[in-house]
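Below is one structure, written out as structure tokens, with a few remarks after it.
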Amino acid sequence: MGKIDPKLFVHCSYIGTTGYNNHTRSFLRALSNLIDIKVRNFTVCSWEGMNDEPHNNEPYLDSLDKKLLNKQTLFASATNHDKFVTHDFYKKYPNEFDHNVDLVLSELNHHYYFDHYPNIKIAFIVWETTKYPDRLFENFKNFDQIWVASTWQKDCLMEQGMPEDMVKVIPEAVDNSIFKPKIITLPEYDDKRFKFVVFGRWDYRKSTKEIIEAFLEEFDRDEPVDLVLSIDNLFANDDFDSTEERLKHYNLIDYRIKIKHFPTREDYIKYLQKGHVFLSCARSEGWNLPLIEAMACGTPSIYSNCSGQLEFAKGKGLPVKIKNKIPAVGGEYSTYSQSELPGEFYQPDYEDLKKVMRDAYKNYDKHKKTALKESKLIIDEFTWENAAKKAYKELVNFINVPQPNRTHISFDCGPKVETKGVKKEKYKIDFINSKNNKVIFSSNIKNNMWTKCNKEYFIPWTIKINDEVIHKLDLKDKRVKISLESKSMGDTLAWTPQVVKFQKKHKCKLAISTFHNEWFEGLEDYKNIEFLKPGDSYTCYAHYKIGWFKTDEKWDEGKYHPIQPNTIPLIKTASDILGIDYEEINYGINFKPKKRPIKGKYICIGPQATSGLKEWPYEKWRELVNMLSTKGYKIVSLTLKGFTGENIINKVNLSNDEVFNYLYHADLFIGLGSGLSWANWALNKHTIMINGFSVNKHEFSKNITKIQNLNDCNGCWNDKNFVFDAGDWDWCPVHQGTNKQHICQKSITPKKVYKEIKQYIF
């Protein structure tokens with residue numbers, strides 16, 4: 001059988017005048033000399049007059065461009081973009097091209113635009129941070145191969161979990177027929193002043209504001225030096241409509257700053273060729289189109305020494321030092337929202353930037369000679385013909401070399417196996433507990449299907465396909481996420497220390513999300529754990545959730561919990577889900593004691609809880625308070641709703657830090673089976689707990705005196721036959737609606753509590 005030539009159907013933003021559009025057309029024109037190509041355009045825009053009808057007669061489209069465009073082109077309004085994030089709209093533009101490969105050449109959202117027919121699918125992506133958004137990364141699984149522009153991008157993808165053989169580096173290029181050294185005249189540049197030129201957009205990632213600040217700080221106003229800015233950003237997440245407004249807002253107005261709004265492509269080329277120094281200092285770049293075009297023009301170029309631009313710039317130009325990595329930031333004056341920017345940026349050394357700028361100005365003739373030599377290296381190596389040849393080689397190899405069927409295995413709240421391939425093969429999938437070699441679940445699937453075992457707690461999995469072991473769960477050095485699903489103070493304080501033990505056991509790269517990260521961040525015992533906010537994306541090898549999980553109003557033993565959770569100590573709920581030995585661990589909380597809030601000796605009480613079952617009658621509290629007051633103690637009531645009475649200092653709606661401070665300095669805490677008792681435990685303080693609804697040691701066992709009345713009804717919380725209903729304040733599974741309702745708490749007398757207190761404190 002002879003070699004099959006690829007036929008490529010490309011989904012991309014082909015129509016438009018942006019750098020991305022120009023790059024796309026240049027790449028596909030070159031590739032079309034090697035293989036048959038048709039293009040479906042899906043430019044997302046809000047340009048006046050644009051609609052979803054074909055626009056094949058744009059003035060910048062030549063005859064080849066028009067030939068490549070399939071009749072189905074699409075323009076979508078940016079404001080109505082969401083409705084196009086489906087595949088339905090393609091029905092309006094059916095494909096009329098017989099092909100065997102789909103290429104999605106894209107930016108952030110475009111990977112959602114592809115058809116589900118059985119062709120080879122390749123995604124070509126340029127991204128700027130060390131991590132791809134989860135929604136984008138997960139969509140990569142729909143593709144057979146991922147193309148990226150730089151080795152740096154490939155390394156980032158592999159670090160996130162993409163198999164190495166799936167990622168191919170196809171460097172972008174520069175049009176060397178246009179971008180090359182050329183002596184030109186440009187009247188506005190012929191004023192004998194030195195020109196630093198900046199092309200890009202006003203954006204945090206681009207360090208735009210910092211570049212301007214560095215220029216103004218380094219060069220005196222009497223020096224003949226200008227800063228030419230073409231940095232309009234119509235998509236910035238700020239309240240400004242222009243560069244002038246942003247400069248005014250940040251107090252950066254200066255006569256040496258020359259603003260160029262939306263230059264034509266011809267003017268842009270002239271500015272690069274005529275300008276003295278191209279200036280860039282981004283916190284990260286996927287490629288950096290203006291930089292390579294400036295270098296091709298033989299213009300001395302300043303850039304930050306990091307990320308994707310090093311594919312062509314390394315060892316050339318005038319690099320700026322990097323201080324460190326920082327979290328990627330979106331939001332204010334950024335093109336992206338914060339949620340779209342996971343991973344890290346690189347923080348340039350802006351003091352070094354000033355030194356490099358000064359050197360470029362002072363020693364311009366030397367740097368110009370070097371730049372002209374480097375220009376030849378750029379335009380010889382990074383041509384669109386070379387990019388097309390490399391892409392062609394990858395396509396031919398993929399089509400003509402037998403490709404193994406691909407299996408993707410993940411452990412996101414249970415083991416999942418996905419199969420991908422062009423062959424019509426069948427698979428028997430076995431999910432096995434390695435500890436006892438027991439088959440937990442089996443399933444039969446075909447290619448391009450998935451199956452999952454519904455055991456979401458930790459099990460040391462072995463995965464077999466057609467009776468062959470293909471994977472064993474191994475968390476060492478892997479990215480693992482643990483999510484605490486409860487907002488409760490008690491649950492959070494009880495469960496979070498268990499993740500430390502889990503991380504130490506498996507030596508994994510662990511991230512945890514809680515609703516109270518501030519209690520643990522910064523503590524020595526949590527130094528190897530990354531803290532996420534609930535809802536933060538985090539692509540990982542395995543993900544486990546800790547919480548109270550029900551199915552059909554029953555505790556779900558077997559899916560979310562290995563053991564019915566109400567029958568075991570609260571802490572053990574976490575250790576069982578995580579598959580670690582049960583141990584009461586308390587690493588404390590990130591709290592620094594402040595000044596003693598009350599002079600003299602005092603006792604804190606916590607008379608309120610989240611359920612009527614947990615509460616102790618207020619009249620009994622008041623009786624106990626009067627007993628304690630006779631011993632010279634002030635009584636501080638910590639509540640959300642308020643609890644008044646004689647001899648009570650009522651503290652309502654305190655911050656967590658204030659609550660911790662009162663507990664820390666108190667001589668004793670008396671509470672219920674609620675969060676305040678757990679807070680006191682976390683502070684390593686003794687707790688008198690009035691609690692008849694749970695069995696002994698259900699909560700914690702250290703620093704506690706638990707008071708129960710075993711002669712009456714007790715321990716219903718832990719009865720396997722009952723499922724606590726948090727929405728029912730009056731819940732009492734044995735006596736609800738009778739005079740014995742909540743008898744487990746009501747039968748405990750103030751005298752009994754006082755007796756225990758006396759033994760401990762008096």
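Met158 - would you say it is surrounded by fewer than 22 Cβ atoms within 10 Å (Cβ to Cβ), in contact with a strand residue (DSSP E or B) (Cβ under 7 Å, 6 or more places away or on another chain) and either without any contact (Cβ under 8 Å) to a residue 12 or more places away in the chain or among the β-branched types (Val, Ile, Thr) (or both)?
Working: surrounded by fewer than 22 Cβ atoms within 10 Å (Cβ to Cβ): yes; in contact with a strand residue (DSSP E or B) (Cβ under 7 Å, 6 or more places away or on another chain): yes; either without any contact (Cβ under 8 Å) to a residue 12 or more places away in the chain or among the β-branched types (Val, Ile, Thr) (or both): yes.
It is true that Met158 is surrounded by fewer than 22 Cβ atoms within 10 Å (Cβ to Cβ), in contact with a strand residue (DSSP E or B) (Cβ under 7 Å, 6 or more places away or on another chain) and either without any contact (Cβ under 8 Å) to a residue 12 or more places away in the chain or among the β-branched types (Val, Ile, Thr) (or both).
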**OP:** Considering only the range 201-238, state which residues are in contact with a Leu (Cβ under 9 Å, 6 or more places away or on another chain) and not aliphatic (A, V, I, L, M).
**Re:** Arg201, Trp202, Arg205, Ser207, Thr208, Lys209, Glu210, Glu213, Phe215, Glu218, Phe219
**OP:** Give me the pairs, please: first residue somewhere in the range 376-395 and over 18 Å from Lys182 (Cβ atoms), second residue anywhere and of a type in the set (Lys, Arg) and assigned to a helix (DSSP H, G or I), beta-carbon distance under 8 Å, and either six or more positions apart or on two chains.
**Re:** Trp384/Arg29
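Report whether or not Asn233 is closer than 30 Å to Asn176 by Cα, of a type in the set (S, T, N, Q) and under 36 Å from the mean Cα position of the chain (by Cα). I'd like the intermediate steps shown before the answer.
Working: closer than 30 Å to Asn176 by Cα: yes; of a type in the set (S, T, N, Q): yes; under 36 Å from the mean Cα position of the chain (by Cα): yes.
Against the criterion (closer than 30 Å to Asn176 by Cα, of a type in the set (S, T, N, Q) and under 36 Å from the mean Cα position of the chain (by Cα)), Asn233 qualifies.
Condition test on Gly737, is it over 46 Å from the mean Cα position of the chain (by Cα) and small (Gly, Ala, Ser)? Walk me through how you get there before you give the answer.
Working: over 46 Å from the mean Cα position of the chain (by Cα): yes; small (Gly, Ala, Ser): yes.
When the stated conditions are applied, Gly737 passes them.
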Subject >> Residues that are of a type outside the set (Gly, Ala, Ser), more than 16 Å from Cys508 (Cβ to Cβ) and in a loop (DSSP other than H, G, I, E, B), drawn from the range 534-552 >> reply: Pro534, Asp536, Trp548, Phe549, Asp552
Original post:
Considering the range 690-712 alone, what residues qualify as being buried (at least 21 other Cβ atoms within 10 Å of the Cβ), among the hydrophobic types (A, V, I, L, M, F, W, C) and either in a strand (DSSP E or B) or outside the structural domain of Cys744 (by TED's automatic domain parsing) (or both)?
Top reply: Ile690
Original post:
Is it the case that some residue within the range 673-685 is farther than 20 Å from Asn656 by Cβ, in the same structural domain as Lys751 (by TED's automatic domain parsing), at pLDDT 90 or above and surrounded by fewer than 23 Cβ atoms within 10 Å (Cβ to Cβ)?
Top reply: no
Subject >> From Asn444, Asn454, residue being part of a strand (DSSP E or B) and loosely packed, with under 15 Cβ neighbours inside 10 Å >> reply: Asn444
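Would you pick out the residues in the range 586-636 that are among the hydrophobic types (A, V, I, L, M, F, W, C), in a loop (DSSP other than H, G, I, E, B) and over 26 Å from Ala494 (Cα atoms)?
Pass one, the range 586-636, residues among the hydrophobic types (A, V, I, L, M, F, W, C): 589, 591, 598, 603-605, 609, 613, 616, 621, 624-625, 627-628, 635-636.
If we keep only those that are in a loop (DSSP other than H, G, I, E, B) too, we end up with 589, 591, 598, 609, 613, 616.
Within the range 586-636, Ile598 is the sole residue that qualifies.
Conditions (1) part of a loop (DSSP other than H, G, I, E, B); (2) modelled with pLDDT of 95 or more; (3) under 21 Å from Glu213 (Cα atoms), marked per residue:
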{"site": "Pro263", "(1), (2), (3)": "yes, no, no"}
{"site": "Glu266", "(1), (2), (3)": "no, no, no"}
{"site": "Cys281", "(1), (2), (3)": "yes, yes, yes"}
{"site": "Ile292", "(1), (2), (3)": "no, yes, no"}
{"site": "Lys316", "(1), (2), (3)": "yes, yes, no"}
{"site": "Gly330", "(1), (2), (3)": "yes, no, yes"}
{"site": "Tyr336", "(1), (2), (3)": "yes, no, no"}
{"site": "Asp352", "(1), (2), (3)": "no, yes, yes"}
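Filtering the range 507-533 down to residues that are assigned to a loop (DSSP other than H, G, I, E, B) and in contact with a helix residue (DSSP H, G or I) (Cβ under 9 Å, 6 or more places away or on another chain), which residue is surrounded by the most Cβ atoms within 10 Å (Cβ to Cβ)?
Going through the range 507-533, the residues assigned to a loop (DSSP other than H, G, I, E, B) turn out to be 507-508, 514-516, 520-523, 527-528, 533.
From what is left, the residues that are in contact with a helix residue (DSSP H, G or I) (Cβ under 9 Å, 6 or more places away or on another chain) are 508, 514-516, 520, 528, 533.
Working: Cys508: 23, Thr514: 26, Phe515: 15, His516: 17, Phe520: 24, Asn528: 12, Lys533: 9.
Taking the candidates together, the pick is Thr514.
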Subject >> Cβ-Cβ under 7 Å pairs, at least 6 apart or on other chains, the range 427-453 side without any contact (Cβ under 8 Å) to a residue 24 or more places away in the chain, far side of a type in the set (D, E, K, R) and surrounded by 15 or more Cβ atoms within 10 Å (Cβ to Cβ) >> reply: Val439/Asp430; Ile440/Lys455; Ser442/Asp430
Original post:
What about Asp226, is it in the same structural domain as Gly308 (by TED's automatic domain parsing), in a loop (DSSP other than H, G, I, E, B) and modelled with pLDDT of 95 or more?
Top reply: no
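Just to be sure before I move on: is Phe179 among the aromatic types (Phe, Trp, Tyr) and either surrounded by 22 or more Cβ atoms within 10 Å (Cβ to Cβ) or in a helix (DSSP H, G or I) (or both) in the structure I sent? Give the derivation first.
Details: among the aromatic types (Phe, Trp, Tyr): yes; either surrounded by 22 or more Cβ atoms within 10 Å (Cβ to Cβ) or in a helix (DSSP H, G or I) (or both): yes.
Yes; evaluated as a whole, the condition is true for this residue.
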Original post:
Is it fair to say Asp556 is of a type in the set (D, E, K, R), within 30 Å of Lys435 (Cα to Cα) and out of contact with any Leu (no Cβ under 6 Å at 6 or more places or on another chain)?
Top reply: yes
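Only one of these is touching a Lys or Arg at 6+ places or on another chain (Cβ under 8 Å), farther than 25 Å from Glu557 by Cα, part of a strand (DSSP E or B) and of a type outside the set (Ser, Thr, Tyr): Glu394, Glu418. Name it. Lay out the reasoning, then the answer.
On the way: Glu394 fails: part of a strand (DSSP E or B).
Selected residue: Glu418, the only one of Glu394, Glu418 that is touching a Lys or Arg at 6+ places or on another chain (Cβ under 8 Å), farther than 25 Å from Glu557 by Cα, part of a strand (DSSP E or B) and of a type outside the set (Ser, Thr, Tyr).
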Subject >> Members of the range 600-659 found to be hydroxyl-bearing (Ser, Thr, Tyr) and under 38 Å from the mean Cα position of the chain (by Cα), listed by number >> reply: Thr610, Ser611, Thr639, Ser655
**OP:** Starting from the range 351-364, keep only residues that are free of Cβ contacts under 8 Å to residues at least 12 places away in the same chain, then list their pairs with residues that are surrounded by 14 or more Cβ atoms within 10 Å (Cβ to Cβ) whose Cβ atoms are within a distance under 8 Å, requiring at least 6 positions of separation or different chains.
**Re:** none
Subject >> Residue in the range 748-762 that is at pLDDT below 90, in a loop (DSSP other than H, G, I, E, B) and of a type in the set (Phe, Trp, Tyr) present >> reply: yes
Subject >> Selected residue [under 30 Å from Cys156 (Cβ atoms), touching a Phe, Trp or Tyr at 6+ places or on another chain (Cβ under 9 Å) and not assigned by TED's automatic domain parsing to the domain that holds Ser655] from Lys545, Lys550 >> reply: Lys545
Original post:
Do the conditions hold for Thr630, that is, is it among the β-branched types (Val, Ile, Thr) and closer than 16 Å to Phe669 by Cβ?
Top reply: no
Original post:
For Ser677, which of the numbered conditions (1) assigned to a loop (DSSP other than H, G, I, E, B); (2) closer than 20 Å to Gly642 by Cβ; (3) polar (S, T, N, Q) fails to hold?
Top reply: (1)
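The values are calculated or read from the model by the stated rules, or taken from the named source; none is laboratory data. Source: prediction; values computed, not measured. Counting neighbours? That spans all protein chains shown, and the Cβs are built from the backbone with ideal geometry, glycine included.
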